[in-house]
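Report on the following structure.
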Amino acid sequence: MTEHPIDDDPIVIAGLAVEVPGGIDTLAGFWSALAESRDLIGPFPRDREWPIDRLLTQSEADGWSRVRDAGGFLDGAAEFDPMFFGITPREAVAMDPQQRVALRVAWRALENAGINPMTLAGDEVGCFIGASYTEYGPRGDEANDLTGYRATGSAMAAVAGRISNCLGLSGPSMSVDAACASSLYAVHLAASAIRAGECDWALAGGVCVMGSLGGFFEFSKVNALSTDGQCKPYSADARGTLWGEGAGVVVLERESRAKAFGHRVYGRVLATRVNHNGSGAPIAVPSAAAQAQLIAKTLEAASISADLIGMIEGHGTGTAVGDPLELTALARVYGAAAQPDNGPRLGSVKSNLGHAQAAAGILGLIKVLLSGLHGQIPPTRHAENPTAQLDWSRSGLRLADRLEDWAPRDGVRYGAVSSFGVAGTNAHALIAMPVLEEEIHV
């Protein structure tokens, strides 16, 4: 595929919003949790009618790993004001909670950008939202009070479609399912749509609200679920991944448009790229070769050298297979280009809140943007004992084990974000964050 020259009017990120475990729904709260290396993991929610006791005792059966009463869960997943969005209460109950959470986070992202959500009806604004598989609500073949509302209430396409409908957006609208790469893939699609002239600007992000304990059962059976109730990316003490929830949405537009409307610019999207592992290994097994190839192609598309990258927000799930392969790919590209004793700092937000699946990439991207805004790289939890499966002294990489200042390069901080899906899709993004003359309070 022929690469086109970098546009003189780059795509920028002009608004952000998040909702993460620990009752955090502000950017300031999210940054504080990251900077303080806070643990946002908590016990399973007891108000979702989940078979928690059965899950916690399943390890007594042969071939199942131990399950802790732990995960990263949203406190307000069931909270929603339907009338505010023009939705009837019965319709709201039938809606997958991911639709509700994504809608309110998208609203806040617009407000953060200085855009009045009530004024957008009819505008050609795109909406691309990664969404997670869910088993919310009763089976579709059971007649009940919600029958008639579940066609849209349970449709994954309605996660993005609900936002477009409630706000009156007439641009392209798509829910993205690329497993754990979904939200970063959504950013890629949104930026591509703007460049192609399909929309003037767009919302992009991802959401995960678990509708069942299915993911915990599945990963316990294959011995890939954390046995100590923590997610420890790139750590020798990692015991498997831990599922979490969350949502993040960003506002994307051309830089000229942001300046014309007085929107803040958190960062420029230098390049995004996606690929697939291809064949040769089981579908769920990552490929270091495919990841390294993707990173190299993203750098080529951005027309920057690897040694400019100061912060890498990795995928980092804490699994015995995934982390070493990812480290191999990162060391092959970023480590090989690193300056002695000054290589990029590597981390993963999953150490704070677990693996938020379709929302994982966007939460990592927002972490990088907030780091650029504050001029600091936050620590990754459990980084005190890095895995021995990488020779860190020769890798050119270093785990971000403490809060430290992030020095710009010629007035710009450069960050990278990775997401890899269980079905083999890989996504990578490169972001440039110019140093702001005045502090922006978020």
Review point. So what J values fall out for region 386-402 if you push phi through Karplus, 6.51 cos²θ - 1.76 cosθ + 1.60 with θ = phi - 60°, rounded to Hz, Gly and Pro as x?
Key: x, 4, 7, 7, 10, 7, 4, 5, 10, 7, x, 10, 8, 5, 6, 9, 7
**Study point:** Whole-angstrom gap from region 338-369 to region 62-139, using each part's C-alpha centre
**Key:** 23 Å
Review point. Taking 0.36 nm per residue of separation and subtracting the Cα-Cα distance, what length does fully extending GLU60 through VAL412 add?
Key: 121.4 nm
**Study point:** Geometric extent, Cα atoms of region 64-122 - Rg, Dmax (angstrom)
**Key:** 15.8, 53
Exercise for review: Assign unit charges at the C-beta atoms only (+1 for Lys and Arg, -1 for Asp and Glu), then state the dipole size of region 251-316 relative to its Cα centre in Debye, rounded to the nearest 20.
Suggested key: 300 debye
Point to revise | Mean-position separation - Cα centroids, region 199-259 and region 308-323, in angstrom | key: 13 Å
Check your understanding: What list of ³J(HN,Hα) couplings, whole Hz, do you get for region 224-236 from phi and the Karplus terms 6.51, -1.76, 1.60, once you set θ to phi - 60° and write x for glycine and proline?
Key -> 10, 8, 4, 8, 10, x, 9, 9, 10, x, 6, 9, 5
Revision key, fill the gap. Of the listed links LYS232/LYS259; LYS221/LYS297; LYS221/LYS350, those spanning more than 31 angstrom between alpha carbons are LYS232/LYS259; LYS221/LYS297
**Study point:** Reference-scaled alpha-carbon Rg (2.2 N^0.38 Å with N residues) for region 191-320
**Key:** 1.34
Check your understanding: When only Cα pairs under 8 Å and 6 or more residues apart are kept, what is the percent relative contact order across region 296-347?
Key -> 48 percent
Exercise for review: Please grab the % of Cα pairs in region 146-225 that end up more than 14 Å from each other.
Suggested key: 70 percent
Check your understanding: Any idea what the alpha-carbon Rg over 2.2 N^0.38 Å comes to for region 1-137?
Key -> 1.38
Exercise for review: Sketch the reach of a paramagnetic label on ASP8 as a point 7 Å from Cα along Cα-to-Cβ, and name the residues of region 234-262 whose backbone nitrogen lies under 15 Å away.
Suggested key: 255-257
Revision key, fill the gap. Here the Cα Rg-to-2.2 N^0.38 Å ratio for region 256-329 is 1.42
Review point. By DSSP, what percent of the beta bridges with both residues in the chain are antiparallel, rounded to the nearest 5?
Key: 65 percent
Check your understanding: With every protein chain present, what is the per residue accessible area of the chain (1.4 Å probe, Å²)?
Key -> 40 Å²
Check your understanding: If the viscosity is 0.692 mPa s and the temperature 37 °C, what translational diffusion coefficient in µm²/s does Stokes-Einstein give for region 292-403 when Rh comes from Kirkwood over Cα pairs?
Key -> 229 µm²/s
Review point. How high is the relative contact order of region 179-318, in percent, with contacts defined as C-alpha pairs under 8 Å that are six or more residues apart?
Key: 25 percent
Practice item. Extending each Cα 7 Å along its Cβ direction at ALA28 and ASP81, get the distance between those two points in nm, one decimal. Key: 1.9 nm
Review point. Where in region 249-282 is the amide nitrogen less than 18 Å from a point lying 7 Å along the Cα-to-Cβ axis of GLU124?
Key: 252-258
Exercise for review: Determine the dipole magnitude for region 149-253: charges of +1 sit on the beta-carbon of Lys and Arg, -1 on that of Asp and Glu, nothing else is charged, the reference point is the Cα centre, and the result goes in debye to the nearest 20.
Suggested key: 200 debye
Review point. What is the set of long-range amide H partners of LYS232 at a cut-off below 5 Å, with H atoms built 1.01 Å from backbone N?
Key: ARG239, GLY240
Exercise for review: Quote the relative contact order of the chain in percent (integer), defining contacts as alpha-carbon pairs under 8 Å separated by 6+ residues.
Suggested key: 22 percent
Check your understanding: Can you give the Kirkwood hydrodynamic radius for region 332-375, in Å, rounded to one decimal and based on Cα pairs?
Key -> 12.2 Å
Exercise for review: Work out Dmax and Rg for region 352-400 from the C-alpha atoms and quote the Rg first, both in angstrom.
Suggested key: 13.0, 33
Practice item. Determine one quarter of the surface area of the Cα convex hull of the chain, which equals its mean projected area, and express it in nm² to one decimal. Key: 20.7 nm²
Revision key, fill the gap. Checking PRO43, PRO324, PRO21 against a Gaussian network model of the chain (alpha-carbon springs below 10 Å), the top fluctuating residue turns out to be PRO43
Review point. Dipole size in debye (nearest 20) for the chain around its Cα centre, Lys and Arg Cβ +1, Asp and Glu Cβ -1?
Key: 460 debye
Study note, to complete from the structure: Phi-derived 3J(HN,Hα) across region 414-428 with the Karplus relation (6.51, -1.76, 1.60, θ = phi - 60°), rounded Hz, x for Gly and Pro, is 10, x, 10, 9, 10, 9, 10, x, 5, 8, x, 7, 10, 9, 9
Check your understanding: Between ALA336 and ARG195, what FRET efficiency comes out of the Förster formula 1/(1 + (r/R0)^6) with R0 = 25 Å and r the beta carbon distance, rounded to 0.05?
Key -> 0.25
Exercise for review: Tell me which residues come under 5 Å, amide H to amide H, from PHE73 once H is placed; ignore anything under 5 positions away on its chain.
Suggested key: GLY22, GLY42, GLU245
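The values are calculated or read from the model by the stated rules, or taken from the named source; none is laboratory data. Values in this document were obtained by computation on a predicted structure and should not be read as measured data. Neighbour counts are summed over all protein chains in view; Cβ atoms, including those assigned to glycine, are modelled from backbone coordinates with ideal geometry. When the accessible area is computed, the model is the full protein with side chains, heavy atoms only, and any ligands, DNA or RNA have been set aside. Shrake-Rupley method; radii C 1.70, N 1.55, O 1.52, S 1.80 Å.
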